[in-house]
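The block underneath contains the structure these notes are about, expressed in structure tokens.
The values are calculated or read from the model by the stated rules, or taken from the named source; none is laboratory data. Everything numeric here is computed off the predicted structure, so don't read it as measured data. A quick note on method: Cβ atoms are made from the backbone with ideal geometry, for glycine too, and the neighbour counts reach across all protein chains shown.
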Amino acid sequence: MGVLPTVIVGNASSHVPCISSLHHSEPVNLPSVPFSLNKTDFPDLFWCADDKHPMLPILSELQQAEYNSWGIVVNSFEELEGDHVDAFEYQKETRAWLVGPLLLHDQIKQDLMNSGSGNVDQKQTSQYIEWLDQKTEGVGPGNVIYVAFGSQSYMTDLQMEEIALGLEMAGEQFIWVVRSKTWVPPVGWEERVGERGLVMRDWVDQRGILAHPAIGGFLTHCGWNSVLEGLSMGVPLLAWPKGAEQGLNARYVAMGLKAGLMVPQEHDAKDDPLPVQHNVICDAVKELMRGDQGKKARERARELGRKARQAVEKGGSSDKKLDELIECLTSRQKKSS
């Protein structure tokens, strides 16, 4: 979870009765948040009246750990969320070190190893990387949308079918990671899509896919790790949150950072999300990949990707914060010994 989503939850926690009384289309404006929210952006657990919910003890333990901590290490970076660190530290009554994106620390180390030895990552020989390689031949980069909703997000077979039809209708090339064990494509869909799409049902190296030059967009549930992975690689996001704090992450990406768009989501009278129809998915994909809004989001994502890499390089903001953290920990250890 990032800095700003954490601040949002903290600010909203004292206004739960007021926010819960709103219609899901009414805006929610909070201090320190530079854009409007809807109550459906908040985690379901935020409104939970069941004091025996299995997640509550875990959250309570996390809150207690934060309260007792000397500081908090955050997988983010100054150029992404630096404007919200003061509010975060005030709320948590402790210090925060933004030392991410952590995934880029490993990547830079691997790049150095490869440049020194001439080795090529074993993953480069995988089926989906070879497929992506073909998509840049004679066409250029950024013409494939990557579709993945994490390992925990649940999609009904009905919604899966709408996604399939939406991707087909959009006419864009895509690679789609499918976790469902029960969904089967509509009759004739695979033949109609042909080589334009690749469906993966096994594990894939998401970072490797997002780093590939063929990728020009990422349809994602907006878990924080996926947000960082996409933006760190300079890929604009098409946000479709499915639970937890993902709605807050999605709003931040689309409205705060301007590095992505959101899939329009309707809700019923109980504020439960309704299935998103294939024509809506089609329009959202086309706008991200070919539209004016998508172009602006792509430029912003690329800018953030450059800043993310600079942050973890020697002398970058996250590199300095990591050195500062180590120095503080060493100093505390010396004082206590």
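Can you tell me which condition ASP205 does not meet? The list is (1) within 18 Å of the chain's Cα centre (by Cα); (2) buried (at least 18 other Cβ atoms within 10 Å of the Cβ); (3) charged (D, E, K, R), and all the others hold.
All conditions pass for ASP205, except number (2).
Just to verify a result, which residue in the stretch 53-77, among those that are at pLDDT 85 or above and under 22 Å from the mean Cα position of the chain (by Cα), is nearest to ILE326 (Cα to Cα)? Spell out the reasoning first.
Taking the stretch 53-77 first, the residues at pLDDT 85 or above are 70-77.
The next check asks that each one be under 22 Å from the mean Cα position of the chain (by Cα); those that pass are 72-77.
Working: ILE72: 13, VAL73: 11, VAL74: 14, ASN75: 16, SER76: 17, PHE77: 17 Å.
Per the stated criteria, the residue is VAL73.
Are there any pairs, at least 6 apart or on different chains, whose C-beta atoms fall under 7 Å, with the first in the stretch 193-212 and over 18 Å from ARG309 (Cβ atoms) and the second assigned to a helix (DSSP H, G or I) and among the charged types (D, E, K, R), and if so, which?
Partner pairs satisfying both residue conditions: VAL193/GLU168; ASP205/LYS123.
Restricting to the stretch 153-184, name every residue that is of a type outside the set (A, V, I, L, M, F, W, C) and free of Cβ contacts under 8 Å to residues at least 24 places away in the same chain. It would help to see each step written out before you state the result.
Of the residues in the stretch 153-184, the ones of a type outside the set (A, V, I, L, M, F, W, C) are 153-154, 156-157, 159, 161-162, 166, 168, 171-173, 179-182.
Correct list: LYS181 only.
Looking only at the stretch 164-189, filter to residues that are at pLDDT below 95 and polar (S, T, N, Q); which one of those is surrounded by the most Cβ atoms within 10 Å (Cβ to Cβ)?
Here the answer is SER180.
The rows are residues; the columns are (1) out of contact with any helix residue (DSSP H, G or I) (no Cβ under 8 Å at 6 or more places or on another chain); (2) over 18 Å from PHE218 (Cβ atoms).
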| site | (1), (2) |
| --- | --- |
| ALA239 | no, no |
| GLN246 | yes, no |
| ASN249 | no, no |
| LEU257 | no, no |
| PRO264 | no, no |
| ASP268 | yes, yes |
| PRO273 | no, yes |
| VAL276 | no, no |
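Residues being over 18 Å from SER76 (Cβ atoms) and either without any contact (Cβ under 8 Å) to a residue 12 or more places away in the chain or β-branched (Val, Ile, Thr) (or both): count how many of those fall in the stretch 233-266.
The qualifying residues number 2.
All but one of (1) part of a helix (DSSP H, G or I); (2) under 30 Å from ARG95 (Cα atoms); (3) of a type in the set (A, V, I, L, M) hold for ALA244; state the number of the condition that does not hold.
All conditions are met except number (1).
Could you tell me how many of the residues in the stretch 169-217 are over 30 Å from LEU103 (Cα atoms), outside any helix (DSSP H, G or I) and out of contact with any Asp or Glu (no Cβ under 9 Å at 6 or more places or on another chain)? Can you show your working first?
Just the residues of the stretch 169-217 that are over 30 Å from LEU103 (Cα atoms), to begin with: 169-171, 182-195.
Okay, now just the ones that are also outside any helix (DSSP H, G or I), so 171, 182-188.
Filter once more, keeping what is out of contact with any Asp or Glu (no Cβ under 9 Å at 6 or more places or on another chain): 171, 187-188.
Adding up the residues that qualify gives 3.
Can you name every residue in the stretch 1-28 that is in a loop (DSSP other than H, G, I, E, B), in contact (Cβ under 8 Å) with a residue 24 or more places away in the chain and over 12 Å from PHE42 (Cβ atoms)? Before you say what the answer is, go through the steps one by one.
Quick first cut of the stretch 1-28, residues in a loop (DSSP other than H, G, I, E, B) only: 1-2, 21-27.
Filter once more, keeping what is in contact (Cβ under 8 Å) with a residue 24 or more places away in the chain: 1-2, 24.
Correct list: MET1, GLY2.
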